[in-house]
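**Q** Provided herewith is a single structure, encoded as structure tokens, for subsequent inquiry.
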Amino acid sequence: MSASPATSTSTSTSQLPDRARVVIIGGGVIGASIAYHLAHEGVTDVVLVERDRLTSGTTWHAAGLMTCFGSTSETLTGIRLYSRDLFTRLEAETGLSTGFRPVGLIEAVGESDRLEEYRRVAAFQRRLGLEVDEIGPREMADLFPHADMDGLIRGFHVPGDGRVNPVDLTMSLARGARNLGVRIVEGVTAGDVLTRPDGALPRVTGLRTSAGDIECETVVNCTGMWARQLGERHGVVIPNQAAEHYYLITDTIPGLDPNGPVFEDPARYGYYREEGGGMMVGLFEPVAAPWQLDGIPDDFSFGTLPPDWERMAPALEVAMSRVPVTLDAGVRTFFCGPESFTPDRLPAVGEAPNLQGYFVAAGLNSVGILSSGGLGRVVAQWISTGRPDVDVTAIDVARFMPHQLHRDYRESRVMEVLGRTYAAHTPGIELVTGRGTFVSPVHDEMVAAGARLKDVSGWESADWYAGDGQTPQLTPSWGRQPWFDRWADEHRAVRQAVGLIDMSFMATFEVTGVDAGAVLERVSTGHVDGDAGRITYTQWLGPDGGIEADLTVTKRGPNDFLVVASDTAHGHTLAWLRRQIGDADVAIEDVTEATGQLNVQGPRSRELLATLTDADLSNDAFAFRDARTITVAGVEVLCVRITYVGELGYELYIARDDTATVWSALRERGTAYGLVPAGLRALGSLRLEKAYRDYGHDIDNTDTVGMAGLGFAVDLGHDFIGRDAVVAERESPRHDKLVQVLLTDPEPLMFGAEVLLRDGQPVGDVRSASYGWTLGGAVGIASVTADEPVTKDWLDAGTWEVDVAGTNVPATVSLRPLYDPTSARVRA
């Protein structure tokens, strides 16, 4: 934390060059870190422009916590660990201290749900190298004697975490960048980004500034709470929103140790540490207050906001009661300043999906300081090589959608996400604001069937069904709930009879034009431009073989294709394809909202569909992977024989206005065949029993087809992006692979991020999990890494366990699906 403006380390505006390879907009800690890391990547032709002075936005008033605990994301944990390490060694390079002190962190726990969560988090982060110990109230009191331990049951101590001075850190990064040739120019305001046409997407050519135009190849928007406004000028969706953030600093408290640990009690909304002889009490109150919904003033620098004592008093009283000494000390400072937050409390990072060369690094959600080192490294590496070297599927700026820019959406969502900063993450807790932007064409029908709706990338979709005319009830819990019986019934209906699943939220694109087949063939590992009337499951790869998309391509006719990807990959998939088009004659139309997708899946699906169509659905006439237009219940549909649950089944693509007609006919006729509506909970358990992958959950941009076990989807008989990497990968056995995991004890549950152990040693973690009602235990997909090739023999030679919240549970692992490994049921 700093209470004074930063000391300049910049050049004057007269030294703004005419050209640079990269121009960074924004002189906060993120911009400075990217500049520093670009220089260390060998990219020194970089200019950072700052409208006022370095740190003048939100960096200068940050609380300066450097804490790693709390994430079950390998990417975000790695970013924090890298940051912490960088802060310890940066002074030796630059001569400027970062103010980092590893005083330790204590994360206090007073509720059983949070204890379960933190035990899972601790196990996961220990595997990634974070030293974290579970301790009791007495040990917490020894380390932080100022806290009242009443109501606390356990704590988690991270001795290597601590505090850093945000201004000093920024200045040290800036000096390191300048020492390697980066130019930092203060007092220059960024205007419009200059572009030129380049195939299907425009490309950055420069930046207009108050000091003149500067030519460049890449612009990086690091403008913090201004990022949304800057992005909107060019159609880049960055829906971060500023909100009030508070902390107070007491008068001097005698005996307060300046090297005492940071103490957090999220149930009391507070974090606490020594500051200038007094105690800092930081707040994340449960009901937050947005600030400047219509835009942040351009001249807001080193600014503070008038505190709302009346609104904050209840939360402040609760927070201060945990550390009673603060109640008796006077208040030296009661600070209110803006921080910006994204709709999902994850950062906005990466190349804009609609503008080549426009990168974003913003929306840090009050963890910008502790993320700055690692995030700067990731973005710099991405810019310099063209590929990120960590999983960015959860933080990719392409995930955002235009409706998230709307004022009402931002207002309600920022109040909720900031208010839930310190809430427990018990399964079943969901965000409730900003819902219902998109509704399925069978929304009313699902509600009538008792659907428990959940948000799926802005769509309302059924998670599970309580039954016709019933109201679903759910209590968040880490344990089993009464509705599990409904979930199990849906799962078993698909395995034994037939289920009806609405998947209208899936990203759906029509790709047409003279060159459509050639372009899709070039980006796909599978041979997609063969005979019409066939669907192909395929991946799109980067030049290095990393998976960029995992989807299906259906050839409907000459120069006419349907591409279907997961909802979470909607923006990225569309952008990736557009970047590959160049001057080819290809048109892409997003038909997601205009198309209904109903899945009819299960061993009796053929019998049921046959009663509603004149088409011959026999195996000889309609083989696995066939796709053709037929009439179902009097409605024309594209019927595709494919499955994501491991059974005989069909996907029906229907014009939106006709989808409800087909749904109703299937439900009415399906009674005789045991049909039940099935939700996404059953979809997840079914697909994980079959070990089907899900991009952004089981596989990501750092995985390859060999590592992910997807070599069967590769056709080396044609040329495609990444082919050379695939060929090279096959020359040597892999030491890391994805495996299927099944707990042999039917009682414990897995939710993802559990640590996988072989002979007692951690070798990987569970990427996604569910409960396998057919297999009889919790099931998931995990990554494993070994010192030798990962083979069936190596798996069979080990004794396998999964750490479930601190308890090691015996497990079975397999490279092949444990359910129907030969896919005989799929081809029945």
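The values are calculated or read from the model by the stated rules, or taken from the named source; none is laboratory data. Keep in mind that what you see is a predicted model, and the values were worked out from it rather than measured. When we count neighbours, we look across all protein chains shown, and the Cβ atoms used for this are built from the backbone with ideal geometry, even at glycine. These accessible areas exclude ligands, DNA and RNA; they are computed on the full protein's heavy atoms, side chains included. Shrake-Rupley method; radii C 1.70, N 1.55, O 1.52, S 1.80 Å.
**Q** Kindly indicate the residue of region 362-396 that is of a type in the set (Val, Ile, Thr) and under 20 Å from residue 23 (Cα atoms) and also surrounded by the fewest Cβ atoms within 10 Å (Cβ to Cβ) among those meeting that condition.
**A** The residue in question is 385.
**Q** Next up: Count, please, the residues in region 514-557 that happen to be assigned to a loop (DSSP other than H, G, I, E, B), over 26 Å from the mean Cα position of the chain (by Cα) and in contact (Cβ under 8 Å) with a residue 40 or more places away in the chain. Give the derivation first.
**A** Step one: list which residues in region 514-557 are assigned to a loop (DSSP other than H, G, I, E, B), which gives 514-515, 525-533, 542-546.
With over 26 Å from the mean Cα position of the chain (by Cα) added as a condition, the list becomes 514-515, 526-533.
Those still in the list that are in contact (Cβ under 8 Å) with a residue 40 or more places away in the chain too: 514-515, 526-527, 533.
Summing the residues that are assigned to a loop (DSSP other than H, G, I, E, B), over 26 Å from the mean Cα position of the chain (by Cα) and in contact (Cβ under 8 Å) with a residue 40 or more places away in the chain in region 514-557 gives 5.
**Q** Here's another thing I want to ask about it. Of everything in region 150-166 that's outside any strand (DSSP E or B), in contact with a helix residue (DSSP H, G or I) (Cβ under 7 Å, 6 or more places away or on another chain) and open to solvent by 10 Å² or more (accessible area, probe 1.4 Å), which residue is farthest from residue 63 (Cα to Cα)?
**A** Taking the candidates together, the pick is 153.
**Q** Can you tell me which residues in region 569-591 are surrounded by fewer than 20 Cβ atoms within 10 Å (Cβ to Cβ) and either out of contact with any Asp or Glu (no Cβ under 7 Å at 6 or more places or on another chain) or among the hydroxyl-bearing types (Ser, Thr, Tyr) (or both)?
**A** 578, 579, 580, 582, 583, 587, 588, 590
**Q** Next question, about the same structure. Taking residue 523, is it at pLDDT 95 or above, within 22 Å of residue 584 (Cβ to Cβ) and not acidic (Asp, Glu)?
**A** Numbers: at pLDDT 95 or above: yes; within 22 Å of residue 584 (Cβ to Cβ): yes; not acidic (Asp, Glu): yes.
Yes.
**Q** Further question on the same structure: Take the residues in region 125-138 that are part of a helix (DSSP H, G or I) and over 18 Å from residue 84 (Cα atoms); name whichever of them is farthest from the chain's Cα centre (by Cα).
**A** Within region 125-138, the subset part of a helix (DSSP H, G or I) is 125-127, 137-138.
Filter once more, keeping what is over 18 Å from residue 84 (Cα atoms): 137-138.
Numbers: 137: 34, 138: 37 Å.
Looking at the filtered set, the residue picked out is 138.
**Q** A further question on this structure: Any residue in region 230-244 that is more than 30 Å from residue 25 (Cβ to Cβ), open to solvent by 10 Å² or more (accessible area, probe 1.4 Å) and of a type in the set (D, E, K, R)? Don't jump to the end; show me each part of the working.
**A** Initial filter on region 230-244 (more than 30 Å from residue 25 (Cβ to Cβ)): none.
For region 230-244, residues more than 30 Å from residue 25 (Cβ to Cβ), open to solvent by 10 Å² or more (accessible area, probe 1.4 Å) and of a type in the set (D, E, K, R): absent.
**Q** Which of the strands (runs of 3 or more DSSP E) found entirely inside region 432-505 contain at least 2 residues meeting this: within 30 Å of residue 419 (Cα to Cα)? Step through it out loud before you land on a result.
**A** Values: elements: 451-456, 459-465, 498-502.
Because the criterion is at least 2 residues that are within 30 Å of residue 419 (Cα to Cα), the strands (runs of 3 or more DSSP E) in region 432-505 that meet it are 451-456, 459-465.
**Q** Among the residues of region 205-224, how many are under 27 Å from the mean Cα position of the chain (by Cα) and crowded, with 24+ Cβ neighbours inside 10 Å? Outline the logic, then answer.
**A** At the first step, the residues of region 205-224 found to be under 27 Å from the mean Cα position of the chain (by Cα) are 218-224.
From what's left, crowded, with 24+ Cβ neighbours inside 10 Å: 219-224.
Within region 205-224, residues that are under 27 Å from the mean Cα position of the chain (by Cα) and crowded, with 24+ Cβ neighbours inside 10 Å number 6.
**Q** A follow-up question, please. Among (1) in a helix (DSSP H, G or I); (2) under 23 Å from residue 59 (Cβ atoms), which single condition is residue 311 missing?
**A** Checking residue 311 against (1) in a helix (DSSP H, G or I); (2) under 23 Å from residue 59 (Cβ atoms), the one that fails is (2).
**Q** Additional query: Go through region 648-669 and count every residue that is of a type in the set (D, E, K, R) and surrounded by 24 or more Cβ atoms within 10 Å (Cβ to Cβ). Can you show your working first?
**A** Of region 648-669, the ones of a type in the set (D, E, K, R) are 651, 656-658, 667-669.
Among the residues that remain, those that are also surrounded by 24 or more Cβ atoms within 10 Å (Cβ to Cβ) are: 651.
So the count comes out to 1.
**Q** Within region 613-628, take every residue that is free of Cβ contacts under 8 Å to residues at least 12 places away in the same chain and open to solvent by 70 Å² or more (accessible area, probe 1.4 Å) and give me the one that is nearest to residue 537 (Cα to Cα).
**A** Restricting to residues being free of Cβ contacts under 8 Å to residues at least 12 places away in the same chain and open to solvent by 70 Å² or more (accessible area, probe 1.4 Å), the top hit is 620.
**Q** On to the next question. Which of the residues belonging to region 528-551 are open to solvent by 10 Å² or more (accessible area, probe 1.4 Å) and under 15 Å from residue 627 (Cβ atoms)?
**A** Answer for region 528-551, where residues must be open to solvent by 10 Å² or more (accessible area, probe 1.4 Å) and under 15 Å from residue 627 (Cβ atoms): 529, 530, 531, 532, 533, 534, 536, 537.
**Q** Continuing with this model, one more query. Looking at (1) open to solvent by less than 10 Å² (accessible area, probe 1.4 Å); (2) out of contact with any helix residue (DSSP H, G or I) (no Cβ under 6 Å at 6 or more places or on another chain); (3) not hydroxyl-bearing (Ser, Thr, Tyr), can you tell me which one residue 755 breaks?
**A** Every condition holds for residue 755 apart from (2).
**Q** Taking the stated definitions as given, is residue 819 closer than 21 Å to residue 711 by Cβ and crowded, with 18+ Cβ neighbours inside 10 Å?
**A** Values: closer than 21 Å to residue 711 by Cβ: yes; crowded, with 18+ Cβ neighbours inside 10 Å: yes.
So residue 819 fits the description; yes.
**Q** I'd like to verify a number: residues in region 670-707 that are charged (D, E, K, R) and not in a loop (DSSP other than H, G, I, E, B), how many? So that I can check it myself, show each step before the final result.
**A** Taking region 670-707 first, the residues charged (D, E, K, R) are 681, 687, 689-690, 693-694, 698, 700, 703.
Among the residues that remain, those that are also not in a loop (DSSP other than H, G, I, E, B) are: 681, 687, 689.
Result for region 670-707: 3.
**Q** Restricting to region 282-331, give me the number of residues that are under 22 Å from residue 270 (Cβ atoms), of a type in the set (Ser, Thr, Tyr) and surrounded by fewer than 17 Cβ atoms within 10 Å (Cβ to Cβ). Spell out the reasoning first.
**A** The first filter runs over region 282-331 and keeps only residues under 22 Å from residue 270 (Cβ atoms), leaving 282-291, 304-331.
Subset that is of a type in the set (Ser, Thr, Tyr): 304, 321, 326.
Within this subset, residues satisfying the condition of being surrounded by fewer than 17 Cβ atoms within 10 Å (Cβ to Cβ) are 304, 321.
Qualifying residue count for the region: 2.
**Q** Among the residues of region 278-293, is any out of contact with any helix residue (DSSP H, G or I) (no Cβ under 9 Å at 6 or more places or on another chain) and either in a loop (DSSP other than H, G, I, E, B) or modelled with pLDDT under 95 (or both)? Before the answer, list the steps.
**A** Kept after step one, since they are out of contact with any helix residue (DSSP H, G or I) (no Cβ under 9 Å at 6 or more places or on another chain), are these residues of region 278-293: 280.
When the remaining residues are screened for being either in a loop (DSSP other than H, G, I, E, B) or modelled with pLDDT under 95 (or both), the result is none.
No, region 278-293 contains no residue that is out of contact with any helix residue (DSSP H, G or I) (no Cβ under 9 Å at 6 or more places or on another chain) and either in a loop (DSSP other than H, G, I, E, B) or modelled with pLDDT under 95 (or both).
**Q** Between a first residue in region 731-747 that is within 14 Å of residue 692 (Cα to Cα) and at pLDDT 95 or above and a second residue that is open to solvent by 50 Å² or more (accessible area, probe 1.4 Å) and assigned to a strand (DSSP E or B), which pairs have beta carbons less than 8 Å apart while being 6 or more apart in sequence or on different chains?
**A** 738/767; 741/812
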